[in-house]
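Taking it in order: structure first as structure tokens, then the write-up.
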Amino acid sequence: MRHLIRIDELIRDEMTRLFDLAADMETLREMGSDLCKGRILFYEPSPRTRLSFESAMIRLGGSVLGFSDPQSTSFVKHETLADTVHMVCNYADIIVIRHPHAGAAQLAAQHSPVPVVNAGDDSHQHPTQTLTDLYTLRKTRGDISSLTVGVCGDLRYGRAAHSLAYGLATFGAKIVLIAPDGLTMPDEIVWRLNHLYGATVETVASPMDAIAELDVLYVNRLQKERLPQELDPAAVVEIAKQYRIDAETMRHARPDCLIMHPLPRVDEIARELDDDPRAIFFEQSSNGVPVRMALMAMLLNRVDRPPLTEKSPDLTTHADPICHNPVCITQHEPRVAPLSHRVAPDHQVCLYCQLPY
Amino acid sequence: MRHLIRIDELIRDEMTRLFDLAADMETLREMGSDLCKGRILFYEPSPRTRLSFESAMIRLGGSVLGFSDPQSTSFVKHETLADTVHMVCNYADIIVIRHPHAGAAQLAAQHSPVPVVNAGDDSHQHPTQTLTDLYTLRKTRGDISSLTVGVCGDLRYGRAAHSLAYGLATFGAKIVLIAPDGLTMPDEIVWRLNHLYGATVETVASPMDAIAELDVLYVNRLQKERLPQELDPAAVVEIAKQYRIDAETMRHARPDCLIMHPLPRVDEIARELDDDPRAIFFEQSSNGVPVRMALMAMLLNRVDRPPLTEKSPDLTTHADPICHNPVCITQHEPRVAPLSHRVAPDHQVCLYCQLPY
Amino acid sequence: MRHLIRIDELIRDEMTRLFDLAADMETLREMGSDLCKGRILFYEPSPRTRLSFESAMIRLGGSVLGFSDPQSTSFVKHETLADTVHMVCNYADIIVIRHPHAGAAQLAAQHSPVPVVNAGDDSHQHPTQTLTDLYTLRKTRGDISSLTVGVCGDLRYGRAAHSLAYGLATFGAKIVLIAPDGLTMPDEIVWRLNHLYGATVETVASPMDAIAELDVLYVNRLQKERLPQELDPAAVVEIAKQYRIDAETMRHARPDCLIMHPLPRVDEIARELDDDPRAIFFEQSSNGVPVRMALMAMLLNRVDRPPLTEKSPDLTTHADPICHNPVCITQHEPRVAPLSHRVAPDHQVCLYCQLPY
């Protein structure tokens, strides 16, 4: 594999290799290194993930160029993403991309001779967040497979939650989905967790219904900017409030139940919990650096380890556009090759946004 | 001391040590160095001060990450500064922060395991500007204590003027405050200059009242963006105009009276003075680089010199919020510890904005 | 020469030397180098050219500071460009500037002790784009002088087209100007091509009138943002559409007729041509890196080659402002020295925007 677009492209053994390397990177993080000297990272803006990638690349001895302003998303109005990628691959050795349309990183990868890393494509996926989350679990608990993990909050639009669910399933953890009506995990993802991973998935309506059995409570922010217009934002916020985690909630949790969050948080987690030793979201955020160091060093073939292998997805080319997902990149970019991706014998999805069409 | 939040945290001997190091840095500035190789600077935006810090860190062999866009002040709407600091300290070895609320750098320092440098917190202070100003005076005149310095313009909202007054008092210079009604130096600062420093402070209404006796005329820009809404901006600008320095003003000044300005200037200094050899504001601006190199190398313990010592301010913890200053960070950030700072036996102020409450 | 403001400041021999160096830089581009270690590049924003300069400087071992946000053009409202340059030259070893006013780079150079490179000043010139274009032609075709080059599209406001015309004339190529009414090459440039270069210039109304004889078709984007308000944008766009190059156009071209474009493109070139091997605009874009590496290394005197020589233009100082070009920097900056530039015995122009006054 040359790119990292979706977490479900990685098998368990590959993730484990990556985590072993990340553990080694914790040393280099302090000492600095020349591992990727001269290598350049380019990225589309993404406020916080960007800083983590930037810090990782600098610790590897590389340099960073690109955009630090979240507003300057596109180079020029009406320029296609394909054109942008054809151009920036001349300047960078690896491209980290965040984009407001699902499947954009996939499209970028098709046009790029250098590795592309998906740093979040609308509500689709955010695989490096998941690698960070799983690395944090492994570092803190040793074994992921025996854990029961509650994934709570906006599971419909939260890309970190989507990637996390696949990542947990990859390691065989038990998954408890906790979301208000209207913000539950998309059917497609639940279907895959069940049919492709054989995962143990439980669904409950409120944090209190599951809190006592959890090893980890993973809280997600409400993705207000992605709520469809037909939803009444005030109503959704009202519901989301019922999912706020506070000291009272945690009084019912196990004494070692970890509280995680992909950050930034708004008020999903009451600040009174900041002093709770179970709250490890700042440590989690810190782990993003060695994990991203490991990933980039591996994608750039700068370490003496077996590389991530290139997968051969079962693709079908179509004559006409197939996807009708309004946030899919195929709805916004001209001349995208209409490709479907067979994820199971009877189950085909759009290659880009990974939704059935 | 691990941080630099206020200029009045430094004693004279520490400033002198810093200036000696800055003089050495002038050589490294040309040659480059590996003094802070691998160290990373993070900062909140601040257009010009940022470039100076950025240049200083690169000359030290370090790298810079952060924001170059003055608009992207906050990561995410409603995220607290404390959360932001908890996160960015994972990515940086030193944090340089500019912020629209007084006391923000102080708050950041409380949450940061890495050194925090205040690059301007609303109208409170701007200590590295003052170090640059004093270094320039020492370099140009040798001795600061014998100088009479006129500080002119918007002294009420000008943070550079506030820090400068303390800095001059530290070295025993004579201070002449020159400001229009409504823009005079805050009472608190004048009180401290008199009672804590025993400074010689004179106040005059117009530049012409003092120009003949000055060794230095330090001009400050009108801080239009900080004027309270009850002031009529047009009226204030009108008054400020009377404080414009031009060739006619300088005809009454000593032949060696230096003209200084923290830059950028608008029209406080007539452009006809650009060719006056007494105008040294561009040289002053240039001195910011070795001074900031020295400060960062010292805070990061990369030089073989006695470090800046950590002060132990006399603090009192309160049960409830104490400060009512509308621009104080305590008015804008949840869960700030209400702390007061005793600066003299009978004189307590808010730890953050340093104003009486 | 210390700066590069206009392509017509370079003689043929200098361009050739630069291209020889650029060819050597192609190796360093892959390997990295320490040629300009410690040197710093500062630039005003310019989305794509910026990335190319940034990549070039990093490959030379240098660092980059400045603005990555196209919005933050000026430091502070009302600060003069002269003040900005006086300040940033303290922080950078070379200044790359893009600016919305013609002649801004020339003005910057007058105030700068470090080399200034013009990365585009309104519709005036963009000399490094031209060096990239010519290097691409030399690399692809070996000899430039024997080529017939069609320059097509918005030739009135396209700065890349202006610089290119002079560059082609310098090498003796045949130039075919192809532009709609209202967007034709400015008279001043045509006059110079004829009288100063003795160039062979042909003018045609439509791509189809010349396509069969071209070795190169160089397409320019419509500069919508620079169209004067009296033009009806809709009408102009309509006309521009007739200049769109597609597979049908190229069916009439020679089998080896190159298609070039300074990028980004909107729809001047139909996407169906992306697979046409004659379309070399992405390769052209890639060549910007070694060319800019060569230019900066030469301007910074870091290579053991004869430097670019400083020209002595024939200047006249005037008592009063002379230029009436509304986009000329002299209309927007106070206290610009009114200078005229004699380009031929009877032909004087404004030094800044290079238009007759």
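None of the figures in this text is laboratory data; all of them are computed from the coordinates on show. Just so it is clear, the structure is predicted and the values come from calculations on it, not from any experiment. For neighbour counting, all protein chains shown are included, and Cβ atoms are generated from backbone atoms with ideal geometry for every residue, glycine included.
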(request) Report Rg (one decimal) and Dmax (nearest whole number) for chain A, counting Cα atoms only, units Å. (result) 19.6, 57
(message) Quick one: the Cα spread of the range A:87-137 along its three principal axes, in angstroms, biggest first?
(response) 38, 22, 13
(message) I'd like the distance between the alpha-carbon centres of the range A:161-213 and the range C:147-218, rounded to an integer number of Å.
(response) 63
(message) How would C:Asp181, C:Asp121 line up from fewest to most surrounding beta-carbon atoms within 10 angstrom?
(response) C:Asp181, C:Asp121
(message) Under the rule of at least 5 residues apart or a separate chain, name every residue whose amide H is placed under 5 Å from the amide H of A:Arg98.
(response) A:Glu44, A:Ala119
(message) List, shortest first and in nm to one decimal, how far the label point of C:Ala205 (7 Å from Cα along Cα→Cβ) is from its counterparts in the other copies.
(response) 7.6, 7.6
(request) Report, in order of residue number, the helices in chain C meeting two criteria: a C-alpha extent of 20 Å or more along the helix axis, and a mean Kyte-Doolittle hydropathy of at least 0.5; treat each whole DSSP H run as one helix. (result) C:281-299
(message) Run the numbers for A:Lys241 and A:Met31: contour at 0.36 nm per residue of separation, minus the present Cα-Cα distance, in nm.
(response) 71.3 nm
(request) Give the shape of the range B:232-357 as rounded, prolate or oblate, defined through the alpha-carbon gyration tensor: a ≥ b ≥ c are the square roots of its eigenvalues, a/c under 1.5 means rounded, and otherwise the shape is prolate if a/b is larger than b/c and oblate if not. (result) oblate
(message) With just the Cα atoms defining each centre, how far is the range B:286-337 from the range B:219-261? Give it in Å.
(response) 30
(message) Sort B:Cys353, B:Cys89 by Cβ crowding within 10 Å, fewest neighbours at the top.
(response) B:Cys89, B:Cys353
(message) Using Cα springs under 10 Å in a Gaussian network model of chain C, which residue among C:Ala102, C:Ala56, C:Ala205 shows the largest mean-square fluctuation?
(response) C:Ala205
(message) Once the label point is set 7 Å along the Cα-to-beta-carbon vector, what list of distances in nm do you get between B:Val237 and its counterparts in the other copies?
(response) 3.6, 3.7
(message) Going 7 Å from Cα along the Cα-Cβ axis for the label, what nanometre distances separate B:Leu315 from the same residue across the other copies?
(response) 5.8, 5.8
(message) Pairs of alpha-carbon atoms within less than 8 angstrom and 6+ residues apart define the contacts here; what relative contact order does chain A have, in percent?
(response) 19
(request) Report the antiparallel proportion of the DSSP beta bridges in the protein assembly as shown as a percent, rounded to a multiple of 5. (result) 20
(request) Compute the FRET efficiency between A:Asn301 and C:Ala23 as 1/(1 + (r/R0)^6), taking r as their Cβ-Cβ distance and R0 = 22 Å, and round to the nearest 0.05. (result) 0.20
(request) Would you mind ranking A:Tyr352, B:Tyr135, B:Tyr197 by Cβ crowding within 10 Å, fewest neighbours first? (result) B:Tyr197, B:Tyr135, A:Tyr352
(request) Using the 2.2 N^0.38 Å rule of thumb for compact globular proteins, work out how the protein assembly as shown stacks up: its C-alpha Rg over that value, please. (result) 0.99
(request) For the range A:127-285, state the average projected area of the convex hull of the C-alpha atoms over all orientations, rounded to one decimal in nm². (result) 8.5
(request) Return the calculated 222 nm mean residue ellipticity for chain B, to the nearest 500 deg cm²/dmol, obtained by summing -39500 (n - 2.57) across DSSP H runs with n ≥ 4 and dividing by the residue count. (result) -10500 deg cm²/dmol
(message) About the Cα centre, and with charges only on the beta carbon of Lys, Arg (+1) and Asp, Glu (-1), how big is the dipole of chain C? Nearest 20 debye, please.
(response) 720
(request) Would you tell me the mean number of C-beta atoms belonging to other protein chains that fall within 10 Å of each C-beta in C:255-267, as a whole number? (result) 2
(request) Over 20 Å, how big is the tail of the calculated P(r) for the range A:107-164, in percent of all Cα pairs? (result) 38
(request) Within a 10 angstrom radius of each residue's Cβ in C:84-93, how many Cβ atoms of other chains show up on average? Whole number is fine. (result) 6
(message) I want to verify a result. In a Gaussian network model of chain A, Cα cutoff 10 Å, which of these has the top mean-square fluctuation: A:Val117, A:Val88, A:Val176?
(response) A:Val88
